[in-house]
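K.L.:
Next up is a structure, given as structure tokens.
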Amino acid sequence: MKRWMICLLFLGMMTAKLNAQHRIEIQVKGLSDSTFYLVNGFEKSYLALDTAKADGDGKILFQGKKDLPLGFYVLVQGNQRIFDLLITTQTFSVKTDKADLYGKMEIIGSEEARQFAEFLRTVNEKGAKIQNAPANERPKLIADIDAYKKTFVQKYGKESLAANIVRINTEIVAPPYPAKPTTEDTIKHNEYVLKHYFDNVALEDERMMRTPFLGPVLENYLKTVEGPYSPDTLIQISDRLLDRTPPKSDQRKYVFSKIAQKFLSTDYLGKEVVYTHVAEKYMIKNMALWDSATVVRNFEYVYRMKKVLIGNTLKDLPMSDTLGKPVSLYQTKSKYILVMIYDPNCHHCQETTKKLVEDYPKLQAKGVKVFMACGVRGQEKDKKDWKKFIKDFKAQKFIHGYDNASSIDFTNDYNTQTYPNVFLLDANYKILANKKLDTEQYLNLINAEEKKRKK
């Protein structure tokens, strides 16, 4: 029996309360004298939002002073899933029999819950026929279920949560492949599916947020498009998704959070601009939907990140060399400059430097100079550690700088959150890469840049 993760958020709701905001009466013949949980399906978790005990006749009363979030629920006994249920209103009743839960189910006071029960009953009946049918008859029976789903959605429309749940679980049908498909046909097929991916997703219905279905669909889609599409295209995709959500709704906040989480710490160069775009447009410029602490935190992220986006010019680093003489990034002249902001006592910085020293001949052959900026300063020990680091890791061939004047804001001007913080710049100090890459990745990036210039 599948175990359902239950997180008890509200306890002590077993007794009747006056002026209750939700009152859901459930009677299941064949169940009695046990504790039941009303569990909301949210993403991959199931959260118990109410608990009650059945009497000897199998009557269960879920009642409380707070409205329940509208969405997809499961009636659970212990670790056993009894049946699925939609809650789209705060007061209704369900009556059924353990021997035939959906077949005998009667729902009064909630039309959409009734619709969903109707769907589950019909699909279960048709599914049973498939299991018992000969193999040659099964395709026809499967087609019958698909036809029923289509009819169900058309019958109840986009205002029905039941229909929207059926829709989101319906696969997009792409035009058929030709008899002898080519690589181009496969590309067109995949592009069609991605373009129409959300045709069956009711982003306008904020109750979908409280189902197990919307979250995985969003995550899978964003994971699929993150790599192959350009930042500009990803921004357009994000805008389309967010603009379909109700403007002042938790649904918009939810979709925003999925996009922000994906692109705030993306592994792909240049894609973090998607986060800065949506954060500015849908949060910083529309603050009414958000609490002030969230707005401030995201404003700080955007403020730091925008300065080091791909294509921007990295701010100068006015520093001192090991002899105390002035040295700066803008004094460094080369086709390409690799800037590394680091802490001499950081293990990752030490390992990165070892690799950089080892691979430097390859980079040097491409016209790369290395500017190493010590991001730690203030005490005499820090300066000694810095000089020792240069000697120990045989990094004398690189340009080294120390912030004697403590005038550089490494955090806000260079978005240094962790060490090492690495940039690849062109001759005009324009940012080509804003994160640490392997040497081969830097070389590939340089080759691509040079091909671009030749066009």
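K.L.:
Could you count how many residues in region 312-342 are within 25 Å of LEU443 (Cα to Cα) and either in a loop (DSSP other than H, G, I, E, B) or of a type outside the set (Val, Ile, Thr) (or both)?
P.N.:
Of the residues in region 312-342, the ones within 25 Å of LEU443 (Cα to Cα) are 312-317, 328-342.
Checking the rest, the ones that are also either in a loop (DSSP other than H, G, I, E, B) or of a type outside the set (Val, Ile, Thr) (or both) come to 312, 314-317, 328-336, 338, 340, 342.
Total meeting the criteria: 17.
K.L.:
Are any residues in region 85-140 within 20 Å of THR151 (Cα to Cα) and among the β-branched types (Val, Ile, Thr), and if so, which ones?
P.N.:
Once the filter is applied, which keeps residues that are within 20 Å of THR151 (Cα to Cα) and among the β-branched types (Val, Ile, Thr), region 85-140 yields THR122, VAL123, ILE130.
K.L.:
Then there is this: Please determine whether any residue of region 278-297 is among the polar types (S, T, N, Q), closer than 19 Å to GLN441 by Cβ and out of contact with any Lys or Arg (no Cβ under 7 Å at 6 or more places or on another chain).
P.N.:
Here is the first cut: in region 278-297, the residues among the polar types (S, T, N, Q) are 286, 292, 294.
Still in the running and closer than 19 Å to GLN441 by Cβ: none.
Looking for residues that are among the polar types (S, T, N, Q), closer than 19 Å to GLN441 by Cβ and out of contact with any Lys or Arg (no Cβ under 7 Å at 6 or more places or on another chain), one finds none in region 278-297, hence no.
Residues are listed down the side, and each one gets a yes or a no for (1) more than 23 Å from LEU269 (Cα to Cα); (2) modelled with pLDDT of 95 or more:
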| position | (1), (2) |
| --- | --- |
| THR170 | yes, no |
| TYR197 | yes, no |
| GLU204 | yes, yes |
| VAL225 | no, no |
| PRO231 | no, yes |
| ASP239 | no, yes |
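K.L.:
Among (1) of a type outside the set (Phe, Trp, Tyr); (2) in contact with a helix residue (DSSP H, G or I) (Cβ under 6 Å, 6 or more places away or on another chain); (3) modelled with pLDDT of 95 or more, where does GLU43 come up short?
P.N.:
That leaves (3) as the condition not met.
K.L.:
Given the condition touching a strand residue (DSSP E or B) at 6+ places or on another chain (Cβ under 8 Å), at pLDDT 95 or above, over 29 Å from TYR301 (Cα atoms) and assigned by TED's automatic domain parsing to the domain that holds LEU329, answer yes or no: does some residue in region 373-381 qualify? Please lay out each step first, then the result.
P.N.:
Going through region 373-381, the residues touching a strand residue (DSSP E or B) at 6+ places or on another chain (Cβ under 8 Å) turn out to be 373-375, 377.
Restricting the remaining residues to those that are at pLDDT 95 or above gives 373-375.
Filter once more, so that each one left must be over 29 Å from TYR301 (Cα atoms): none.
No.
Every residue, every condition in (1) closer than 26 Å to ALA202 by Cβ; (2) touching a residue at least 40 places away in the same chain (Cβ under 8 Å), yes or no:
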| site | (1), (2) |
| --- | --- |
| LEU242 | yes, yes |
| SER265 | no, no |
| VAL274 | yes, yes |
| ALA279 | yes, no |
| PHE299 | no, no |
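K.L.:
Next up: Of the residues in region 234-249, how many are part of a helix (DSSP H, G or I) and either touching a helix residue (DSSP H, G or I) at 6+ places or on another chain (Cβ under 8 Å) or charged (D, E, K, R) (or both)?
P.N.:
Taking region 234-249 as the starting set, the residues that turn out to be part of a helix (DSSP H, G or I) are 234-243.
So of that shortlist, the ones also either touching a helix residue (DSSP H, G or I) at 6+ places or on another chain (Cβ under 8 Å) or charged (D, E, K, R) (or both) come out as 234-235, 237-243.
Summing the residues that are part of a helix (DSSP H, G or I) and either touching a helix residue (DSSP H, G or I) at 6+ places or on another chain (Cβ under 8 Å) or charged (D, E, K, R) (or both) in region 234-249 gives 9.
K.L.:
Then there is this: Only one of TYR301, TYR275, TYR282, TYR268 is assigned by TED's automatic domain parsing to the domain that holds GLN251 and not in a helix (DSSP H, G or I). Can you tell me which? Spell out the reasoning first.
P.N.:
Numbers: TYR301 fails: not in a helix (DSSP H, G or I); TYR275 fails: not in a helix (DSSP H, G or I); TYR282 fails: not in a helix (DSSP H, G or I).
When all the criteria are applied, what remains is TYR268.
K.L.:
For region 21-47, which residues satisfy the criterion of being under 16 Å from PHE92 (Cα atoms) and of a type in the set (S, T, N, Q)? Before you say what the answer is, go through the steps one by one.
P.N.:
Our first condition is that a residue be under 16 Å from PHE92 (Cα atoms); within region 21-47, this holds for 21-28, 38.
GLN21, GLN27, listed by residue number.
K.L.:
Please verify whether region 1-16 includes one or more residues that are modelled with pLDDT of 50 or more, crowded, with 17+ Cβ neighbours inside 10 Å and either more than 28 Å from the chain's Cα centre (by Cα) or under 19 Å from LEU85 (Cα atoms) (or both). Please lay out each step first, then the result.
P.N.:
Initial filter on region 1-16 (modelled with pLDDT of 50 or more): none.
Within region 1-16, not a single residue is modelled with pLDDT of 50 or more, crowded, with 17+ Cβ neighbours inside 10 Å and either more than 28 Å from the chain's Cα centre (by Cα) or under 19 Å from LEU85 (Cα atoms) (or both).
K.L.:
Considering each of HIS277, HIS348 in turn, give the residue that is at pLDDT 95 or above and surrounded by fewer than 15 Cβ atoms within 10 Å (Cβ to Cβ). Even if it seems obvious, please write down each step before you answer.
P.N.:
Working: HIS277 fails: surrounded by fewer than 15 Cβ atoms within 10 Å (Cβ to Cβ).
Checking each option against the conditions leaves just HIS348.
K.L.:
Looking only at region 128-140, decide whether some residue is surrounded by 15 or more Cβ atoms within 10 Å (Cβ to Cβ) and modelled with pLDDT of 95 or more.
P.N.:
Scanning region 128-140, I find no residue that is surrounded by 15 or more Cβ atoms within 10 Å (Cβ to Cβ) and modelled with pLDDT of 95 or more, so the answer is no.
K.L.:
Can you tell me which residues in region 154-196 are buried (at least 18 other Cβ atoms within 10 Å of the Cβ) and of a type in the set (Phe, Trp, Tyr)?
P.N.:
Within region 154-196, just TYR156 meets the criteria.
K.L.:
Need the failing condition index for ALA147 against (1) closer than 30 Å to ALA279 by Cα; (2) of a type in the set (Gly, Ala, Ser); (3) free of Cβ contacts under 8 Å to residues at least 40 places away in the same chain, just the number.
P.N.:
(1)
The values are calculated or read from the model by the stated rules, or taken from the named source; none is laboratory data. Since the structure is predicted, the reported quantities are computational estimates derived from the model, not experimental observations. Note: ideal-geometry Cβ built from the backbone for every residue, glycine included; neighbour counts use all protein chains shown.
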